[in-house]
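Report on the structure given below.
Any read-out appearing in this document is the output of simple, stated calculations on the displayed coordinates, not a laboratory observation. The shown structure was predicted, so the numbers you read here are calculated from the model rather than taken from an experiment. Here the Cβ positions follow ideal geometry from the backbone for every residue, glycine too, while neighbour counts run over all protein chains shown.
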Amino acid sequence: MNYKSLVLILALFVTLISCDKTEPNKVDFDRTALLNNYANKVILPRYELLQAKSTALHDAALNFEANINQANLDLLRADFQATYLVWQACSSVEFGPAGMETLKLVFNTYPVDRNKILTNIASASYNLDAAQQIDAIGLPALDYLLYGTNNNDQEILNTFTNQSAAINYLLDLTSQLKNKSSSVYAQWNTTYSNTFINANGTDVGSSLSLLINEMNLDFEKFIRDGKIGIPLGKRSLGNPQVDKLEAYYSRESLVLVKESVQRLEELYSGTSLEGVNGLGLDDYLDAVNASNNGQDLSLLISNQFAAIQLSLDAINSNLNDAIINNPSQVDDVYNKMQQLIVYFKVDLASNLGVLISYQDNDGD
Amino acid sequence: MTVTNLKKAIHKAYTYLVENPVSIYPLVTFRIAFGILMLISTLRFWYNGWIEQLYLEPAFHFKYFGFYWIPSPSPLVIYSVFILLIVTCICISLGLFYRASIIAFFFLFSYTELIDATTYLNHYYFITIVSFVLIFLPANRQFAIDANSPAHKSNLVPAWTINVLKFQLAVVYFYAGLAKLNYTWLFEALPLKIWLPSNVHLPLIGELLSYNTTAYLFSWAGALFDLSIILLLIYKRTRFMAYLALIIFHLMTWYLFPIGMFPFVMIASTLIFFSEKSHEKFYSLFKPAVPQLQLEQSNKPSKIVLTALSVFISFQLLFPFRYLLYPGDLFWTEQGYRFSWRVMLMEKAGYATFTVEDGNGRKEIVDNTLYLSPFQEKMMSTQADFILQYANFLKDEYQQQGFTKPKVYADVFVTLNGLGSKRFINPAIDLAVLKDNFAPKKFILPYQ
């Protein structure tokens with residue numbers, strides 16, 4: 001038998017096998033269109049909004065400096081909370097410019113070191129960009145300054161009135177956030193969007209791999225562990241660590257968790273801030289027929305997101321109190337999140353052929 | 001056929017395969033290519049930052065069973081090892097202090113492999129074996145600095161010194177082919193059906209890769225290639241075409257998958273199948289007078305060499321089949337999976353959560369990133385012996401932190417070929433009291 005007939009028989013045979021299936025014979029998915037949607041409709045608007053909110057926050061801080069009173073404190077706090085909410089949308093996309101600027105460390109490292117903040121204010125000499133200041137800056141430091149230094153608003157106002165160093169520190173914090181977010185937005189807006197869209201492979205360093213890895217990392221380490229698990233005592237023999245909550249002083253943790261899960265789902269599904277559902281990872285999973293025990297993986301994942309939100313909605317106090325008074329409800333949230341991580345890190349990654357590793361290495 | 005005839009035939013085959021004096025040049029090619037490729041491979045490993053990532057940064061290293069005593073290196077040690085590897089690779093290709101160099105290479109390379117078992121690759125195992133075999137081969141008798149002294153020069157070597165390398169290559173390909181003869185590979189075209197479409201962005205062939213038909217074609221062609229390539233290389237009339245196919249096959253795998261140097265090692269190694277004449281022709285380009293072969297007295301291998309050869313060959317043939325001694329699905333349990341030339345056979349991903357319980361029943365969830373690199377965590381979460389090793393490590397670690405009699409539980413989910421995550425380890429079993437051994441691991445849940 002010569003080569004030609006062998007190849008012919010082989011080809012025929014293969015065609016027969018592959019036609020025998022009910023599933024489509026081709027994975028029809030435009031990954032460049034996916035990345036395009038992510039860059040221009042999902043991620044860039046998130047940074048644009050973060051820049052806008054951070055700028056408004058800094059303006060509110062300047063306004064507060066000019067007139068320290070309850071009304072301006074309330075305005076400042078409103079802008080602080082708005083920025084904290086918008087930040088939740090940016091936390092899961094910490095690659096490219098954000099990775100270079102270590103945006104997540106700067107914006108949201110908690111718990112803060114109160115003594116470090118007070119020492120900084122007292123000495124009035126500090127470099128907020130220095131690595132050792134990482135737990136004395138960002139939104140958590142503002143959370144402390146605006147809610148935590150004293151027992152009531154009047155005393156907080158007095159602190160700012162009596163200490164110009166405190167108001168200066170406040171302004172340095174907001175100005176740092178404004179600058180960092182502006183820099184990241186500018187980079188996305190000028191060059192990085194195209195870089196992101198063009199890296200359309202699946203290898204380490206490709207945009208799809210960056211997106212999925214950072215999304216997983218954020219959900220596992222920063223949402224499940226940081227916002228829920230660690231305060232609940234999952235790393236401390238079940239002893240609650242309430243003071244390790246995000247937004248501990250303003251007691252707004254629950255709102256922020258809900259927001260972060262919501263934004264993560266929108267990121268996963270390629271949904272814009274206006275709610276337009278474009279090409280996302282869910283569509284990609286459908287295109288490759290990803291399933292688990294006979295059910296569409298994309299359906300399982302969206303159901304799991306809904307289950308997490310339901311378990312969060314079941315908590316009817318703030319998280320500071322719920323962790324102490326109703327730990328089983330918070331534990332339920334944790335377990336629901338755990339299942340979603342399995343879907344993400346195991347099922348989704350495997351089906352998309354993306355290397356889930358933050359490290360390059362040979363396989364065989 | 002009478003018994004005498006049979007005996008004669010066996011004797012003839014034995015003489016042909018073992019004792020016959022043959023040209024040294026295929027062996028010389030092998031030695032030089034091996035040295036150069038190992039040099040590139042070592043430099044690449046260093047350049048990619050893997051010395052730091054894989055050997056220095058992790059706080060904990062996974063070991064092979066029986067090699068727990070292998071110490072984790074200090075920076076000074078590991079950099080020295082790599083510098084020595086570079087030197088030995090150069091010496092091997094030059095044929096300078098060959099015997100000492102290849103012995104040193106074997107031990108140094110094996111050491112780097114034994115530091116952390118999560119770095120296991122069939123390709124590294126192949127290099128370990130080949131460097132071990134090369135210790136005993138007279139590959140420095142020609143085109144080598146060692147061969148400058150006439151006493152060390154030789155044109156002829158006993159046939160076994162070349163055939164043992166051919167045998168090793170045959171084992172790699174044929175066993176890789178055998179491993180592909182399973183339902184999932186042939187009739188589901190998995191995992192290629194997952195892997196190929198993810199390369200759709202590549203120029204020229206990208207579009208083709210998104211078709212299921214392509215995955216089936218590649219699966220079948222890959223299995224056929226692995227099973228037949230050695231025979232086609234041995235048979236003179238098909239050799240050239242076969243080698244061409246081999247180059248295309250390996251370049252394709254290199255292009256499509258992150259498999260590093262392996263394709264080039266195989267492309268270079270299989271040159272040994274070319275005839276003595278082709279090799280001699282090549283060397284005569286540099287040294288016009290490759291002397292004509294003269295029949296010297298046949299070089300009979302000693303009893304020790306013959307025994308060692310038999311043991312080596314039997315081991316290579318039998319060891320990959322040890323999986324038959326274990327219950328359950330091989331691809332799920334991976335008991336007897338390594339060291340068996342199962343290359344790029346399955347898509348697997350897992351996620352492992354460890355809970356440590358103290359004497360009072362209080363529980364804590366382990367942050368794996370404190371002890372493991374992302375790479376180690378990924379490898380650990382699908383392989384039961386690593387899960388057990390890590391659980392044992394956690395027991396000691398938490399004991400040092402003041403836990404009394406810590407129990408360690410693992411909740412692990414694994415998906416095989418993207419078919420859906422399933423629980424891999426019995427989460428109710430305290431792994432802290434178990435020790436790794438060759439017995440079947442009962443804490444692995446059966447594949448459903």
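Numerical summary
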item: Semi-axes of the equivalent ellipsoid for the range A:27-352, Cα gyration tensor, largest first, Å; result: 35, 24, 16
item: Cβ neighbours within 10 Å from other chains - mean over A:290-297; result: 3
item: 14 Å beta-carbon shell around residue A:347, net charge (K/R +1, D/E -1); result: 0
item: Scaled radius of gyration (Cα, divided by 2.2 N^0.38 Å) that the range B:18-125 gives; result: 1.20
item: Peptide ranges B:415-422, B:259-266, A:123-130, B:45-52 listed from the most packed, as the mean C-beta count within 10 angstrom indicates; result: B:415-422, B:259-266, B:45-52, A:123-130
item: 12 Å beta-carbon shell around residue A:149, net charge (K/R +1, D/E -1); result: -2
item: Span from the the range B:163-223 Cα centroid across to the the range A:37-73 one, whole angstrom; result: 53 Å
item: Relative contact order %, chain B, counting alpha carbon pairs below 8 Å whose residues are six or more apart; result: 17 percent
item: Least to most buried among A:149, B:42 (fewest other Cβ within 10 Å first); result: A:149, B:42
item: Chain B: calculated mean residue ellipticity at 222 nm from DSSP helix runs of at least 4, using -39500 (n - 2.57); result: -16000 deg cm²/dmol
item: Sites residue A:33 and residue B:205, calculated FRET efficiency, Cβ-Cβ separation with R0 30 Å, nearest 0.05; result: 0.90
item: ³J(HN,Hα) computed for each position of the range A:69-75 - Karplus, 6.51 cos²θ - 1.76 cosθ + 1.60, integer Hz, glycine/proline x; result: 8, 4, 4, 6, 5, 4, 4
item: Chain B: most fluctuating residue of B:92, B:230, B:205 per GNM, C-alpha cutoff 10 Å; result: B:205
item: Per-pair calculated FRET efficiency, R0 = 51 Å: residue A:241 and residue B:255 via Cβ, rounded to 0.05; result: 0.55
item: Peptide ranges A:234-241, A:327-334, B:189-196 listed from the most packed, as the mean C-beta count within 10 angstrom indicates; result: B:189-196, A:327-334, A:234-241
item: For the range A:156-207 versus the range A:116-148, the gap between their alpha-carbon centres in whole angstrom; result: 16 Å
item: At 0.890 mPa s and 25 °C, Stokes D of the range B:347-433 from Kirkwood alpha-carbon radius, µm² per second; result: 187 µm²/s
item: Residue mean of other protein chain beta carbons inside 10 Å, A:231-243; result: 3
item: Sites residue A:198 and residue B:20 - FRET efficiency at Förster radius 51 Å, r taken between beta-carbons, to 0.05; result: 0.30
item: Cross-link partners of residue B:435 among lysines (Cα-Cα below 20 Å; sequence separation of 8 or more within a chain); result: B:63, B:395, B:405, B:407
item: Label-to-label distance, nm, for residues given as residue B:244 and residue B:149 (7 Å Cα→Cβ offset); result: 4.7 nm
item: Interchain or long-range residues, amide H under 5 Å from residue A:236's placed H; result: B:365
item: Aspartates and glutamates with Cα under 20 Å of residue B:7, excluding same-chain neighbours fewer than 8 positions away; result: B:19
item: Hz values of 3J(HN,Hα) by residue in the range B:263-269 - Karplus curve (6.51, -1.76, 1.60), Gly and Pro given as x; result: x, 6, 4, 6, 4, 6, 4
item: Ranked packing of B:382-393, B:325-336, most packed first, by mean Cβ within 10 Å; result: B:382-393, B:325-336
item: Candidate lysines - alpha carbon under 28 Å from residue A:116, same-chain residues fewer than 8 apart omitted; result: A:53, A:104, A:178, A:180, A:221, A:227, A:234, A:244
item: Taking the convex hull of Cα positions in chain B, its mean projected area over all directions (nm²); result: 26.1 nm²
item: Charge context of residue A:272, other residues only, Cβ under 15 angstrom, K/R +1, D/E -1; result: -3
item: Full-stretch length increase - residue B:68, residue B:237 - with 0.36 nm per residue and alpha-carbon distance subtracted; result: 55.9 nm
